[in-house]
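Novice: Here it is: the structure, laid out below.
The values are calculated or read from the model by the stated rules, or taken from the named source; none is laboratory data. Not measured: the values here are computed from a predicted model. Heads up, the Cβs are rebuilt from the backbone with ideal geometry, glycines too, and the neighbour counts pull from every protein chain shown.
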């Protein structure tokens, strides 16, 4: 199913990045609109069932998406994309499609994705400082996703693509041990 999600994400990426598309901010708007819709979808098993069941006529399911889209202020692009997913019975893939879509947009915009793990949660200021340090090391903008691993003694471990930056206390101790044994 991941390959199917990538195909839908690629199509959406082409729509929002085509030369005649509205300003690039629409890329972020579509991203946020679809994330909002996904949050609503994930919060209601009943809604997921209604959208997935062929017993409910397609016109009613489309009308439901339209009604849900009003308070979420969904753009025509987002609504049309949701209609395509509905028509092709792919609404269950929305989370994977959005993840692939965001990765494709980041690639096009030269943004590196980083997975950062720390021993304790970081406040916004600390996250910003760490993100800036990673941008300096990576040589480009970084979109960081932060996680916590209480098993770390302290510090942080960041992964950007296949490169791992180990600034954890355990990693520092390992490097010191290697130097001493040489």
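Novice: Name the one entry in 171, 167, 155, 139 that is over 21 Å from the mean Cα position of the chain (by Cα), surrounded by fewer than 13 Cβ atoms within 10 Å (Cβ to Cβ) and not assigned by TED's automatic domain parsing to the domain that holds residue 8.
Specialist: Details: 171 fails: surrounded by fewer than 13 Cβ atoms within 10 Å (Cβ to Cβ); 167 fails: surrounded by fewer than 13 Cβ atoms within 10 Å (Cβ to Cβ); 155 fails: surrounded by fewer than 13 Cβ atoms within 10 Å (Cβ to Cβ).
Result of the check over 171, 167, 155, 139: 139.
Novice: So, one more: Would you confirm whether or not region 88-97 contains a residue that is farther than 14 Å from residue 41 by Cβ and surrounded by 14 or more Cβ atoms within 10 Å (Cβ to Cβ)?
Specialist: Looking through region 88-97, none of the residues is farther than 14 Å from residue 41 by Cβ and surrounded by 14 or more Cβ atoms within 10 Å (Cβ to Cβ).
Novice: Can you name the residue in region 124-170 that is part of a loop (DSSP other than H, G, I, E, B) and in contact with a helix residue (DSSP H, G or I) (Cβ under 7 Å, 6 or more places away or on another chain) and, of all such residues, is modelled with the lowest pLDDT? Steps first, please.
Specialist: Going through region 124-170, the residues part of a loop (DSSP other than H, G, I, E, B) turn out to be 139-141, 149-155, 161-162, 167-168.
Then drop every residue that is not in contact with a helix residue (DSSP H, G or I) (Cβ under 7 Å, 6 or more places away or on another chain), which leaves 141, 152-155.
Details: 141: 92, 152: 83, 153: 80, 154: 84, 155: 84.
Applying the filter and picking the extreme gives 153.
Novice: Please go through region 47-84 and pick out each residue that is surrounded by 19 or more Cβ atoms within 10 Å (Cβ to Cβ) and closer than 15 Å to residue 5 by Cβ.
Specialist: 81, 82
Novice: I'm trying to understand the selection: among the residues of region 36-55, which are farther than 16 Å from residue 90 by Cα and in contact with a helix residue (DSSP H, G or I) (Cβ under 8 Å, 6 or more places away or on another chain)?
Specialist: 36, 40
Novice: Another question about this same structure. Could you tell me which of the residues 119, 144 is in contact (Cβ under 8 Å) with a residue 12 or more places away in the chain, more than 30 Å from residue 2 (Cα to Cα) and not assigned by TED's automatic domain parsing to the domain that holds residue 17?
Specialist: Details: 144 fails: more than 30 Å from residue 2 (Cα to Cα).
The conditions single out 119.
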